[in-house]
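The values are calculated or read from the model by the stated rules, or taken from the named source; none is laboratory data. Just so it is clear, the structure is predicted and the values come from calculations on it, not from any experiment. Ideal geometry is used to build each Cβ from the backbone, glycine not excepted, and the neighbour counts take in all protein chains shown.
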Amino acid sequence: MTTQQDDISTPESNAPVRDAASTQPGAMEVKRRRAVKHKARAQFDSWAHTYDRSIVQHLLFQPSYRLFMQELYRWRKDMSAPFDLLDIGAGTGTWTAMVAGSPLPSRRVVGLDYSKNMCQAAHRKAAEVGAGAPGFINGDAEHLPFEDGSFDVVTCSNSFHHYPHQQAAIIEMRRILRPEGRLMLIDGFRDNVIGWTVFDFFITRAESTPTAKVFHAPWSQMRSYFEHAGFREVRQRKSGIWAPIFITMGVV
Ligand SMILES: C[S@@+](CC[C@H](N)C(=O)[O-])C[C@H]1O[C@@H](n2cnc3c(N)ncnc32)[C@H](O)[C@@H]1O
């Protein structure tokens, strides 16, 4: 079985590991990665119109935004300097609208998503925020259309298990962060019985096809992705019982 970790090399130092992203994949692997992305786009293009009314909002998505907000406040509450935030796999833009509408001194808030319909829904929501509203870009987490060091914080919730080359995505996220910038990433916690049942069994079955499987990275593997990409002070926290999630944070 091909695992997500197959092309991770172990760095001697904490420097970004660009070779893991640039290793040339074989034709089968290229095909697999393309299939996973196409599947995600189709799934979310068709879900975009009802996404905000889904039961999963209460179980998973809203708790994720609250967790992000707690961590963002903890970090920025005593800092008056404005910050630029990118949310990857932004969905309908609820989290970015929360940031832009919060008292925190956000300057530039951007959401990026692979699904065009999700981006359109996010644009409509942003129009309600008014001044300082987030902007949205249709794009792929593995190929971020930003210069090195463009943001102070990158967030990503409930999206990462759809990425077919997870290490490459983390390396890309680190690339666009400024020194002292932070990555905060939330996904399903599958390292206990409840989490395994919810994420490895039900959600993975619901969201995968035989050729396009999603993958919830275990706690330790997520940590190793961050460390291999060159993040320091990597910290993790689990939250929730019946639909457990975990956040992994790293500093550039
Ligand atoms: C379950 S939604 C999560 C949305 C939002 N972050 C939240 O927590 O409500 C997953 C999102 O990830 C997006 N996505 C999947 N693969 C992606 C990729 N390769 N690059 C960027 N976004 C992707 C999907 O289009 C979808 O909008």
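Here the helices (runs of 4 or more DSSP H) wholly within segment 160-242 that include at least 2 residues being within 12 Å of the ligand (Cβ to nearest atom) and within 28 Å of A81 (Cβ to Cβ) are 166-175. Restricting the search to segment 142-161, which residues are of a type in the set (A, V, I, L, M), within 19 Å of E71 (Cα to Cα) and more than 9 Å from the chain's Cα centre (by Cα)? Correct list: V153 only. Keeping to segment 136-159, report how many residues are within 15 Å of the ligand (Cβ to nearest atom) and in a strand (DSSP E or B). Residues that pass the stated criteria total 10. Listed by first and then second residue, the pairs linking a residue in segment 144-155 that is on the phi > 0 side of the Ramachandran plot to a residue that is not in a strand (DSSP E or B), with Cβ atoms under 6 Å apart and 6 or more places separating them unless they lie on different chains, form an empty list. Residues in segment 225-239 that are of a type in the set (G, A, S) and surrounded by 18 or more Cβ atoms within 10 Å (Cβ to Cβ) were compared, and the one that is farthest from the chain's Cα centre (by Cα) is G230.
Out of the residues in segment 84-116 that are assigned to a helix (DSSP H, G or I) and touching a Phe, Trp or Tyr at 6+ places or on another chain (Cβ under 7 Å), state the one that is farthest from H38 (Cα to Cα). The selected residue is M98. As a summary of the residue check, W95 satisfies the conditions (1) over 22 Å from H161 (Cα atoms); (2) surrounded by 16 or more Cβ atoms within 10 Å (Cβ to Cβ) except for the one numbered (1). From the list H216, H165, the one residue that fits, being modelled with pLDDT of 95 or more, crowded, with 20+ Cβ neighbours inside 10 Å and either among the basic types (K, R) or under 21 Å from L67 (Cβ atoms) (or both), is H216. Within segment 84-114, if we keep just the residues that are within 24 Å of R41 (Cα to Cα) and in contact with a Lys or Arg (Cβ under 8 Å, 6 or more places away or on another chain), the residue that is farthest from the ligand (Cβ to nearest atom) turns out to be L85.
Residue count for segment 44-83, restricted to those that are within 13 Å of the ligand (Cβ to nearest atom) and in a helix (DSSP H, G or I): 21. Criterion applied to I186, I170, I203 was being touching a Phe, Trp or Tyr at 6+ places or on another chain (Cβ under 6 Å) and crowded, with 20+ Cβ neighbours inside 10 Å, and the one residue passing it is I170.
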